[in-house]
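Note sheet for the following structure.
The values are calculated or read from the model by the stated rules, or taken from the named source; none is laboratory data. Remember, predicted model here, so these are calculated numbers, not experimental data. A quick note on method: Cβ atoms are made from the backbone with ideal geometry, for glycine too, and the neighbour counts reach across all protein chains shown. Note: accessible area is taken over every heavy atom of the protein model, side chains too, but ligands, DNA and RNA are not part of it. Shrake-Rupley method; radii C 1.70, N 1.55, O 1.52, S 1.80 Å.
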Amino acid sequence: MIRIYRQLLIAQIQAAAQYRIQALLWMLFSIIRPVIFLAAWTAVATAQGGSVGGYSASDFAAYYIALTIVNHLCIAWNSFEFEFEIRQGRLSPKLLRPLHPLHYSVVENLVFKITTLLPLCLVLVIVALTFNVRWSGEWWHLVLFVPSIILAAALSFMLGWVVATATFWLQRINTVNTLFQRTAFIFAGQIAPLALMPEWMQVVSYALPFAYILAVPAEILRGGVTLERCLLYLVGQAVWLGLTIIAFRFAWRAGLREFSAVGA
C-alpha cells in the first residue's frame, strides 16, 4: 500500500504542477471570507471599547487566523467531484481497479494542501502583523491540536464522501451540496466564535459535526479552551468520525447497488 501511495503521490504532484496557478487562486479565495469577518469583528470590538463577549481584537485575529489554517487543512471537495465523475462515466473504470476510489481522493486532497500550505502561511503572517494578533495558549494546546486537526480533517473528508454518495440516487446533488455548505457555514463557527452565538445555537452546533471540523480545532490552536474541555472535544471528534465512517460504508454499499454505470 505504501508503494501504491508513493506512485499516486508522484502522479498527482505532476498533475498539480500543471494547475498550480489555479490551486493558488483557490487558496487565496479561501482567505477572503475569514479576513472579512475578522475586519468586521475587529471594528465591533473597537466600537464596544476593546472587546466583545471576552474577545478582544487580538483574540479575534488569533481565532480567524487559526480558523483559516484549520479550514485549509480540513477542506474536502469530494461531493462536488463525485457527481461529475459519475455523470462523465469516470467512476466505472475506477470501480474495476483493486484500489477503492476513496484512495485517489485522499492523495488529491493531500497534494493540494501540502503544495499550497507555504504560500497560505506567508499570507497569514501579513494578516497577523496587520491585525496585531496575540497568541495566549499553553504548550499543550499545540500538542493537542495535532490529533484534533487529524480527526477534523478525517471527519471532513469522510462527511464529504457521505454527501457524495447521494449521487447514486439523485444523479445531481447541487442542492444537497448547497444545503450542506450553508449549514456548515452557520454552525461551524465561521460567522463568529461559537461562544458569541446564542445559547441554543451553541447547543445545536455541538450536537452537529460541523463545529468539530472548524471551530473546535481553531479554538484549540488559539488557546481558547481549558484542558478538560479540549479532551472532551477530542472525544466528540472521534465519536463523529466513527459515526461518519459507519454511515459511509452503509451508503457506499447501498449506493453501488443503485449505480447505473453511466458511460461504462
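Summary of computed values
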| read-out | value |
| --- | --- |
| Cα long-axis angle, helix 227-258 against the chain (0 to 90 degrees, to the nearest 10) | 20 degrees |
| Accessible surface of region 15-100 [probe 1.4 Å, protein heavy atoms]: carbon and sulfur percent | 65 percent |
| Area of C74 that stays accessible when all protein chains are in place (1.4 Å probe, Å², to 10) | 0 Å² |
| Descending semi-axes in whole angstrom, ellipsoid equivalent of region 80-208, from the Cα gyration tensor | 33, 21, 15 |
| Accessible surface, 1.4 Å probe, highest first, among residues F82, F145 | F145, F82 |
| Area accessible to solvent at T175, 1.4 Å probe radius, in Å² | 110 Å² |
| Ranking by accessible area, most exposed first, for T68, T130 with a 1.4 Å probe | T130, T68 |
| Solvent-accessible heavy-atom area per residue, rounded to whole Å², over the chain at 1.4 Å | 53 Å² |
| Whole-percent carbon and sulfur share, accessible surface of region 130-264, 1.4 Å | 67 percent |
| Residues in region 132-155 reached by a label modelled at K94 [backbone nitrogen below 20 Å; 7 Å Cα→Cβ] | 153-155 |
| Computed log₁₀ I(q)/I(0) - Debye formula, equal Cα scatterers, no solvent, region 124-185, q 0.24 Å⁻¹ | -0.99 |
| Label point distance in nm, V44-R249, each placed 7 Å from Cα along Cα→Cβ | 4.2 nm |
| Euclidean distance of C-alpha centroids, region 228-248 and region 124-202, integer Å | 14 Å |
| Using θ = phi - 60° and Karplus 6.51 cos²θ - 1.76 cosθ + 1.60, couplings along region 195-209 (whole Hz; Gly, Pro as x) | 5, 8, 7, x, 4, 5, 6, 5, 4, 5, 4, 7, 8, 9, x |
| Rounded accessible area of E199 (nearest 10 Å², 1.4 Å probe) | 140 Å² |
| Hz values of 3J(HN,Hα) by residue in region 180-189 - Karplus curve (6.51, -1.76, 1.60), Gly and Pro given as x | 4, 5, 5, 5, 5, 4, 6, 9, 9, x |
| Two-site label geometry, H103 and C121: point separation in nm, points 7 Å out along Cα→Cβ | 3.0 nm |
| Stokes-Einstein D in µm²/s, Kirkwood radius over Cα pairs - the chain at 10 °C with 1.306 mPa s viscosity | 81 µm²/s |
